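Just so it is clear, none of the values below were taken in a lab; they were calculated from the coordinates. Predicted, not measured: the structure shown is a model, and the values here were computed from it. As a convention, Cβ positions derive from the backbone with ideal geometry for all residues, glycine included, and neighbour counts pool all protein chains shown.
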Amino acid sequence: MYNRAALASLISSEALQFGNFTLASGKQASYYLDCRKVTLNSVGAKFIGEGMLELIGSPLPPLVGGMAIGADPITAAILTIAGTHGQALRGVMVRKEPKAHGKGQQVEGPYQAGEELVIVEDVVTTGGSSLKAIELCEAVGLKVRRVLAIIDRLEGGKQAFADRGYELSTLFTVEDFGIKTT
């Protein structure tokens, strides 16, 4: 069982910033969640790995992963925690562009077509990044079970996934940090 309160405190102190920001979705925002400051922190990675494994539940899919670079440390944290519990789990990394050398792949990792995958993400706004990851994973024959994120900004992402038949589960929403949505 992960320490939700400790993770929330770490996100509040390290990742949450106020000001004027342009998000990856192109939207303007008065706050920014830089979750890399938590996912690339040993304590934060532990809490996130534990929390995500709890969200995934049982039985585990064979694979977890998502869009590089944001999903990479989350995937690594989940794999590490699963390994410490003796749970078999593998990861994939989804590149934004095909690799320019080698096999030119966009989905990397030890997977086989037909296997189930849980997509992971740090912050969901519109869901665009993870929807692109889903599209690329399905193009190589993977079956996406659902999407997990650390935080939902409550700006339409959950509905965008639902509209395409995917469930979004998150460790937090912005409301958990006192941010009111309209």
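Structural remarks
- Among Ala88, Ala160, Ala133: highest mean-square fluctuation, GNM of the chain, C-alpha pairs under 10 Å: Ala88
- Ranking Ala68, Leu136, Gln105 by Cα position along the charge dipole of the chain, where only Lys, Arg, Asp and Glu carry charges on their C-beta atoms, puts Gln105 farthest toward the positive end.
- Cβ crowding within 10 Å, taken as a proxy for footprinting-reagent exposure, orders Phe47, Phe172 from fewest neighbours to most as Phe172, Phe47.
- The DSSP beta bridges internal to the chain are antiparallel in roughly 25% of cases.
- FRET efficiency, Ala24 to Gln112 (Cβ-Cβ, R0 35 Å, nearest 0.05): 0.70
- Cβ-based exposure ranking for Lys158, Lys46, Lys132, in which fewest neighbours within 10 Å come first: Lys132, Lys46, Lys158
- Between the entries (1) 30; (2) 35; (3) 27, the label attached to percent of Cα pairs over 25 Å apart calculated for this structure is (1).
- Estimated FRET transfer efficiency (Tyr32, Ala5; beta-carbon r; R0 25 Å; 0.05): 0.65
- Among 60-72, 26-38, the peptide with the highest mean count of other Cβ atoms within 10 Å heads the list, and the full ranking is 60-72, 26-38.
- Within a Gaussian network of the chain (alpha carbon springs, distance under 10 Å), most fluctuating of Gly57, Gly109, Gly141: Gly57
- Modelled FRET efficiency - R0 25 Å, Glu135 with Glu14, Cβ distances, 0.05 increments: 0.20
- The chain, helix-only ellipticity at 222 nm - DSSP H runs n ≥ 4, -39,500 (n - 2.57), divided by all residues, nearest 500: -9000 deg cm²/dmol
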